[in-house]
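Notes follow once the structure below has been shown.
The values are calculated or read from the model by the stated rules, or taken from the named source; none is laboratory data. Not measured: the values here are computed from a predicted model. Note that each Cβ is placed from the backbone with ideal geometry, even for glycine, and that neighbours are counted across all protein chains shown.
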Amino acid sequence: MRCPFCGHLEDKVVDSREAKVGDTIRRRRECVRCGRRFTTYERIDEIPHMIVKKDGRREKFDRQKLMVGLMKACERRPIPPNKLEEIVNDVEAHVAEAPNRERPSSEVGGMVMNRLKKLDKVAYVRFASVYLDFKDVREFMDELKDLLKARGKRSTKDEL
């Protein structure tokens, strides 16, 4: 909290209590630099962060739903759970930073796929097969071919 008098960022809470309206907390603070006291009111942020689906529907961002999807994609793969937690944390932070409290699902899915592609190709293909909703086997094969081409280019560079 920035002191309104001197602009310093450190303060200590002197007193905390529920305001007259039950959804707000009143805090008396004291700046550690100038010693002046000021009051802040805190309210729980109740507007959820939203994901805009391909068909235009809006759905509340669900951290657990994303984690379940990642765990399914990474099933029986040598990926530590903390890596999945990192991905979910990064996605959640990205959604929370949205100026209008919403992000398109394509942006979120793309972010997850990029992370999985670097982490584990099999998990990436599993996630992509559900997320990209391939219409037929040809589309799926095209994605696999692109993945193999990228892998071939990388191994050729490694040989040089």
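So which residues in the range 102-129 are under 25 Å from ARG57 (Cα atoms), part of a helix (DSSP H, G or I) and of a type in the set (D, E, K, R)? Show your work before the answer.
Of all residues in the range 102-129, those under 25 Å from ARG57 (Cα atoms) come to 102-114, 126-129.
Okay, now just the ones that are also part of a helix (DSSP H, G or I), so 105-114, 126-129.
Passing the criteria: GLU107, ARG126.
Hey, among the residues in the range 4-15 that are hydrophobic (A, V, I, L, M, F, W, C) and over 16 Å from ARG26 (Cα atoms), which one's surrounded by the most Cβ atoms within 10 Å (Cβ to Cβ)? It would help to see each step written out before you state the result.
Applying the first criterion (hydrophobic (A, V, I, L, M, F, W, C)) to the range 4-15 yields 5-6, 9, 13-14.
Adding the requirement that they be over 16 Å from ARG26 (Cα atoms) leaves 5-6, 9.
Working: PHE5: 13, CYS6: 11, LEU9: 10.
The selected residue is PHE5.
Could you tell me which residue of the range 69-87 is farthest from VAL108 (Cα to Cα), considering only residues that are among the aliphatic types (A, V, I, L, M) and under 14 Å from the mean Cα position of the chain (by Cα)?
The first filter runs over the range 69-87 and keeps only residues among the aliphatic types (A, V, I, L, M), leaving 70-71, 73, 79, 84, 87.
Now restrict to residues that are under 14 Å from the mean Cα position of the chain (by Cα): 70, 84, 87.
Details: LEU70: 13, LEU84: 14, ILE87: 11 Å.
Step by step, filter the range 69-87, then rank; the result is LEU84.
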Might you check whether a residue that is under 16 Å from PHE127 (Cβ atoms), part of a helix (DSSP H, G or I) and more than 13 Å from the chain's Cα centre (by Cα) occurs anywhere in the range 48-65?
-> no
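Looking at the range 55-65, is at least one residue in the same structural domain as LEU116 (by TED's automatic domain parsing), in contact with a Leu (Cβ under 8 Å, 6 or more places away or on another chain) and surrounded by 14 or more Cβ atoms within 10 Å (Cβ to Cβ)?
Let us first name the residues in the range 55-65 that are in the same structural domain as LEU116 (by TED's automatic domain parsing), namely 55-65.
Checking which are in contact with a Leu (Cβ under 8 Å, 6 or more places away or on another chain) leaves us with none.
No.
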Please work out if ILE87 is part of a loop (DSSP other than H, G, I, E, B), among the β-branched types (Val, Ile, Thr), within 30 Å of LYS121 (Cα to Cα) and out of contact with any Ser or Thr (no Cβ under 6 Å at 6 or more places or on another chain).
-> no
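Which one is nearest to GLU18 (Cα to Cα), of the residues in the range 28-42 that are in contact (Cβ under 8 Å) with a residue 12 or more places away in the chain and part of a loop (DSSP other than H, G, I, E, B)? Walk me through how you get there before you give the answer.
Going residue by residue through the range 28-42, those that are in contact (Cβ under 8 Å) with a residue 12 or more places away in the chain are 28-34, 36-42.
Pick out the ones that are also part of a loop (DSSP other than H, G, I, E, B) and you get 32-34, 36.
On the way: VAL32: 24, ARG33: 27, CYS34: 26, ARG36: 22 Å.
That would be ARG36.
So, in the range 87-105, of the ones that are under 15 Å from GLY69 (Cα atoms) and either among the basic types (Lys, Arg) or in contact (Cβ under 8 Å) with a residue 24 or more places away in the chain (or both), which residue ends up surrounded by the most Cβ atoms within 10 Å (Cβ to Cβ)? First the steps, then the outcome.
Applying the first criterion (under 15 Å from GLY69 (Cα atoms)) to the range 87-105 yields 87-89, 91-92, 105.
Still in the list and also either among the basic types (Lys, Arg) or in contact (Cβ under 8 Å) with a residue 24 or more places away in the chain (or both): 87-88, 91-92, 105.
Details: ILE87: 20, VAL88: 18, VAL91: 22, GLU92: 15, SER105: 16.
Within the range 87-105, the match that is surrounded by the most Cβ atoms within 10 Å (Cβ to Cβ) is VAL91.
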